[in-house]
1. Working only within the stretch 201-223, note down all residues that are assigned to a loop (DSSP other than H, G, I, E, B) and either of a type in the set (D, E, K, R) or within 19 Å of ALA150 (Cβ to Cβ) (or both).
2. Output the residues belonging to the stretch 70-82 that are under 16 Å from GLY108 (Cβ atoms), out of contact with any helix residue (DSSP H, G or I) (no Cβ under 8 Å at 6 or more places or on another chain) and not hydrophobic (A, V, I, L, M, F, W, C).
3. Condition first: part of a loop (DSSP other than H, G, I, E, B), within 16 Å of the ligand (Cβ to nearest atom) and of a type outside the set (A, V, I, L, M, F, W, C). Now tell me which residues in the stretch 37-81 satisfy that.
4. Name the pairs: first residue in the stretch 185-204 and free of Cβ contacts under 8 Å to residues at least 60 places away in the same chain, second residue small (Gly, Ala, Ser) and surrounded by fewer than 18 Cβ atoms within 10 Å (Cβ to Cβ), Cβ to Cβ under 8 Å, at least 6 apart or on different chains?
5. Give the number of residues within the stretch 186-205 that are surrounded by 16 or more Cβ atoms within 10 Å (Cβ to Cβ) and within 13 Å of the ligand (Cβ to nearest atom).
6. Give the stretch 171-200 a look and list any residue that's β-branched (Val, Ile, Thr) and either part of a strand (DSSP E or B) or within 19 Å of ASP105 (Cα to Cα) (or both), or say none.
Amino acid sequence: MMRLDKFLSEMGVGTRSELKKAIRAGAVQIDGRTALRPEEKVEPEQQEITYQGKQIGYVQYEYYMLNKPAGVISATEDAAARTVLDLIGTKKRKDLFPVGRLDKDTEGLLLITNDGDLAHRLLSPKKHVDKVYFARIAGRVTEEDKEAFALGVDIGDEKLTLPAKLQILCSDEVSEIELTIREGRFHQVKRMFEAVGKEVIYLKRLSMGQLVLDDSLAAGAYRELTKEELNLLC
Ligand code: URA
């Protein structure tokens, strides 16, 4: 059971104060009768609630996989820049957030949800969830870099990075690598390469825990998680 105005605002119909007015003005019906009290308790899963004649379904949690494009920021709102939430055109709830941050110029897997417990499980430093990145690096990436990352490198924090797995896909003037890290420190991949004197020129996240970026999603595209993906995460 929840308040009618709260339910409608959670479903993104309007702000609490807008909804109070709209309800008192008769814009909302519950099971065919006009509901005039914003504080009325409703059971959204059992009752048919309409706003201006349109049925408002109840969704408790939403889970989207986004292939974040470069140029968009990992935040819920921003006065100037486009955010990852602006890309989720079919969202129903207004309390969605990105699980962790990717830099503005980083692409790839980003989970968008309003499930705080799941986010906590994925982000908690104690859980050591693997994150796999693909990157292009200016210059040759070497076996020494691989060894350094396996031992942990000094990126200017109190502690060295945890052991990370570097796979060199090609080593040339521009190298291509996959890096698996188990932490999520600020700018971590870029700072790890800086620590060995190299620059990341392209970065894309491929996976987070068991969740793998669907390679049919173009940059900027998204879809809901499947039941199987959700089970893997939960
Ligand atoms: N590491 C970085 O440096 N940037 C990201 O966006 C993610 C990991």
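1. ASP214, ASP215
2. Once the filter is applied, which keeps residues that are under 16 Å from GLY108 (Cβ atoms), out of contact with any helix residue (DSSP H, G or I) (no Cβ under 8 Å at 6 or more places or on another chain) and not hydrophobic (A, V, I, L, M, F, W, C), the stretch 70-82 yields only GLY71.
3. Listed by number, the residues that qualify are PRO69, GLY71, SER74.
4. Every condition considered, the pairs that remain are ARG191/GLY156.
5. Number of matching residues: 12.
6. Quick first cut of the stretch 171-200, residues β-branched (Val, Ile, Thr) only: 174, 177, 180-181, 189, 196, 200.
Across the stretch 171-200, the qualifying residues are VAL174, ILE177, THR180, ILE181, VAL189, VAL200.
Quick note: the coordinates plus some simple rules give every number you see, no bench work behind them. If you're wondering where the values come from, they're calculated on a predicted model, not measured in any experiment. Note that each Cβ is placed from the backbone with ideal geometry, even for glycine, and that neighbours are counted across all protein chains shown.
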